[in-house]
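Accompanying notes for the structure given below.
The values are calculated or read from the model by the stated rules, or taken from the named source; none is laboratory data. Since we're looking at a predicted model, the values are computed, not measured. In this analysis, Cβ positions are derived from the backbone assuming ideal geometry, glycine residues included, and neighbour counts consider all displayed protein chains.
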Amino acid sequence: MDRFTDFWCFRLNVLSRKISRKYNSKCLEYGITAPQSFVLFDLLDHEGSNVKDIATRVQLDSSAVTGVIDRLYKEELVIREEDPSDRRSLNIYLTHTGRKLAEGLFPIGREFNLYLRSLLDEDKAETFEELLKAIDDKVQ
């Protein structure tokens with residue numbers, strides 16, 4: 001009989017939570033959460049995006065991204081401006097402080113990613129990357 005602890009969905013969930021806790025603790029040193037860091041990083045590349053587009057890229061629900069942006073706004077890390085082509089939509093921009101934080105934290109994220117990759121031999125890390133992409137493509 002299968003044990004639920006052998007299910008990939010269970011094992012991936014456990015691993016994901018372990019990784020998230022570890023990365024989140026690094027982010028908390030900078031006063032933000034992991035999801036907030038991902039939104040900040042996205043805005044470095046896509047300044048002036050709307051919530052829907054950010055949500056698509058960071059793979060979160062729009063409502064979750066709205067909450068993240070609300071907290072970033074309260075911390076004066078982002079500003080919201082009405083989209084001139086659609087008054088119902090807001091475009092999100094980094095403040096000077098938000099940009100500085102994102103640029104300072106990005107190397108920490110890169111370093112954490114390198115740490116995770118270092119847990120495997122290089123050939124296994126490449127294979128793992130390919131497998132992640134293959135599963136992600138099919139689960140869509």
- Item | helices (runs of 4 or more DSSP H) contained in segment 1-97 and holding at least 1 residues farther than 24 Å from Y115 by Cβ, touching a residue at least 24 places away in the same chain (Cβ under 8 Å) and out of contact with any His (no Cβ under 9 Å at 6 or more places or on another chain) | 34-45, 51-58, 62-74
- Note on the structure: All-but-one check, E76 against (1) at pLDDT below 95; (2) over 16 Å from the mean Cα position of the chain (by Cα), failing number (1)
- Note on the structure: Per the list (1) at pLDDT below 95; (2) touching a Phe, Trp or Tyr at 6+ places or on another chain (Cβ under 8 Å); (3) surrounded by 15 or more Cβ atoms within 10 Å (Cβ to Cβ), residue check on L101 breaks on (1)
- Those residues that are more than 18 Å from K100 (Cα to Cα) and exposed (fewer than 15 other Cβ atoms within 10 Å of the Cβ), I need them from segment 42-60; list them, please. K52, T56, Q59
- Note on the structure: Those residues of segment 1-53 that are closer than 19 Å to L90 by Cα and of a type in the set (V, I, T) come to a total of 2
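Suppose the filter is hydroxyl-bearing (S, T, Y) and within 17 Å of the chain's Cα centre (by Cα); does S89 pass it? I'd like the intermediate steps shown before the answer.
Working: hydroxyl-bearing (S, T, Y): yes; within 17 Å of the chain's Cα centre (by Cα): no.
When the stated conditions are applied, S89 does not pass them.
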- Query: Is there a residue being modelled with pLDDT of 95 or more, farther than 19 Å from R17 by Cα and among the aromatic types (F, W, Y) anywhere in segment 118-139?
  - Reply: no
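Scan segment 99-115 and give yes if some residue there is of a type in the set (S, T, N, Q), free of Cβ contacts under 8 Å to residues at least 24 places away in the same chain, under 23 Å from I19 (Cα atoms) and not in a loop (DSSP other than H, G, I, E, B), otherwise no. Steps first, please.
Of all residues in segment 99-115, those of a type in the set (S, T, N, Q) come to 113.
When the remaining residues are screened for being free of Cβ contacts under 8 Å to residues at least 24 places away in the same chain, the result is 113.
Now restrict to residues that are under 23 Å from I19 (Cα atoms): 113.
Applying the additional criterion that residues be not in a loop (DSSP other than H, G, I, E, B) yields 113.
Yes, segment 99-115 has at least one match.
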